[in-house]
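This report concerns only the one structure given below.
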Amino acid sequence: AEKRIQELHELLNQYNYEYHVLDKPSVPDSEYDQLLRELIDLEDQYPELQTADSPSQRVGGAILDAFEKVEHRSQMLSLGNAFNEQDLRDFDRRVRQAVGDDFSYVCELKIDGLAVSLRYDKGVFVQGATRGDGTIGEDITSNLKTIRSIPLKIKEPLSFEVRGEAFMPKRSFEALNKVKEDKGEEPFANPRNAAAGSLRQLDPKIAASRNLDIYLYALADIGDTGIDSHSEGLDQLDKLGFKTNPERKRCADVEEVLEYVESWTERRPDLSYDIDGIVIKVDSLEQQKELGTTAKSPRWAIAFKFPA
Ligand SMILES: COc1nc2nc(N)nc(N)c2nc1C
């Protein structure tokens, strides 16, 4: 039974990854459901073989009466804002004054959701928390486990934190509000509020029903991995089985950054999720260190915010 349970873990984690991270399932849902049923039956038969990281534990957990507080291993920063081209040029000038002209940027979409931090211990997802005030957040592990694109276990036994934005896709938001209106309930104002409201549910079954998703954008506390740029860090996240946003782009200079901002200002309505801006980062980790951070924001990154 132990061997078969291990096999089912691997199969279900792989199929879940293909479906929810790659959006390229290799087996029909019916096969996934059948294997999950087999795993649950085996775990019922041999309860001592059920583990917290089992695919059967996605929507587990009792209804909580409150969320515990969590202290982040490293502070979760917030981003300074830019509202127009001049602000971006001022940011670029400050960067060039500090590190010279030999550098590149990475531009990423700024997902309009809730910043969360996921902690992995020897490859197992052990704790997830909201950003909170950047130092102390709320433990929403059981709700985050219901987000299918979050791996419950990764292939490498690594211990680290990974940060990203949990969000509700536009389609899920529209469907949820239709249900609420049909029930005469107050609809959510926007997908961000709906995502925040869903992750603050004390009953994980409600969070599980909200079809939330996540894009991860930063590794923390992983020690030396020989990575020397942010974009390589994101490629590393992909290799570890995490979902990162595919629209990121390396930009050689502020002109290319402005083109990227211009292009996504127009293409924003075509996305299946809300974005509230563009995040621009200096790519080299060494130059990020040279630029450092203020009390709460990196000097090597800025968020261009779309007009509300
Ligand atoms: C380096 O710090 C950050 N990076 C980010 N990257 C993206 N794509 N989106 C964010 N919201 C974000 N927020 C912070 C504080």
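State which residue is surrounded by the most Cβ atoms within 10 Å (Cβ to Cβ) when the search covers only the range 284-302 and only residues that are within 12 Å of the ligand (Cβ to nearest atom) and either in a loop (DSSP other than H, G, I, E, B) or free of Cβ contacts under 8 Å to residues at least 24 places away in the same chain (or both).
Of everything passing the filter in the range 284-302, Trp300 is surrounded by the most Cβ atoms within 10 Å (Cβ to Cβ).
Can you tell me which of Lys180, Lys153, Lys145 is under 13 Å from the mean Cα position of the chain (by Cα) and away from the ligand (no atom under 16 Å from the Cβ)?
Answer to the check: Lys145.
Could you tell me how many of the residues in the range 1-28 are surrounded by fewer than 17 Cβ atoms within 10 Å (Cβ to Cβ), in a helix (DSSP H, G or I) and within 24 Å of the chain's Cα centre (by Cα)?
Result for the range 1-28: 3.
Which residue is nearest to Lys110 (Cα to Cα), if the candidates are limited to the range 174-198 and must be surrounded by 19 or more Cβ atoms within 10 Å (Cβ to Cβ) and in contact (Cβ under 8 Å) with a residue 60 or more places away in the chain?
Filtering the range 174-198 for residues that are surrounded by 19 or more Cβ atoms within 10 Å (Cβ to Cβ) and in contact (Cβ under 8 Å) with a residue 60 or more places away in the chain, the one nearest to Lys110 (Cα to Cα) comes out as Arg192.
With respect to Gln50, determine if the residue is polar (S, T, N, Q) and within 18 Å of Thr146 (Cα to Cα).
yes
Can you name every one of the helices (runs of 4 or more DSSP H) wholly within the range 197-283 that holds 1 or more residues which are closer than 22 Å to Asn13 by Cβ and either within 15 Å of the ligand (Cβ to nearest atom) or hydroxyl-bearing (Ser, Thr, Tyr) (or both)?
Ranges flagged: 230-239.
With respect to Asp102, determine if the residue is closer than 23 Å to Leu291 by Cβ, without any contact (Cβ under 8 Å) to a residue 60 or more places away in the chain and assigned to a loop (DSSP other than H, G, I, E, B).
It is true that Asp102 is closer than 23 Å to Leu291 by Cβ, without any contact (Cβ under 8 Å) to a residue 60 or more places away in the chain and assigned to a loop (DSSP other than H, G, I, E, B).
How many residues, within the range 156-175, are within 16 Å of the ligand (Cβ to nearest atom) and either of a type in the set (A, V, I, L, M) or in a helix (DSSP H, G or I) (or both)?
3
Phe83 passes all but one of (1) within 30 Å of Gly223 (Cα to Cα); (2) touching a residue at least 24 places away in the same chain (Cβ under 8 Å); (3) loosely packed, with under 15 Cβ neighbours inside 10 Å; which number fails?
Checking Phe83 against (1) within 30 Å of Gly223 (Cα to Cα); (2) touching a residue at least 24 places away in the same chain (Cβ under 8 Å); (3) loosely packed, with under 15 Cβ neighbours inside 10 Å, the one that fails is (1).
Looking only at the range 62-80, how many residues end up being buried (at least 18 other Cβ atoms within 10 Å of the Cβ) and either within 16 Å of the ligand (Cβ to nearest atom) or within 30 Å of Gln6 (Cβ to Cβ) (or both)?
Number of matching residues: 4.
Taking Arg37 as the residue in question, decide whether it is closer than 30 Å to Asp235 by Cβ and assigned to a helix (DSSP H, G or I).
No; evaluated as a whole, the condition is false for this residue.
Since every read-out is calculated from the coordinates, none of them should be taken as a lab result. A quick note: this is a predicted structure, and the numbers were derived from the prediction, not measured. Every residue, glycine among them, receives a Cβ derived from its backbone with ideal geometry; neighbour counts consider all protein chains shown.
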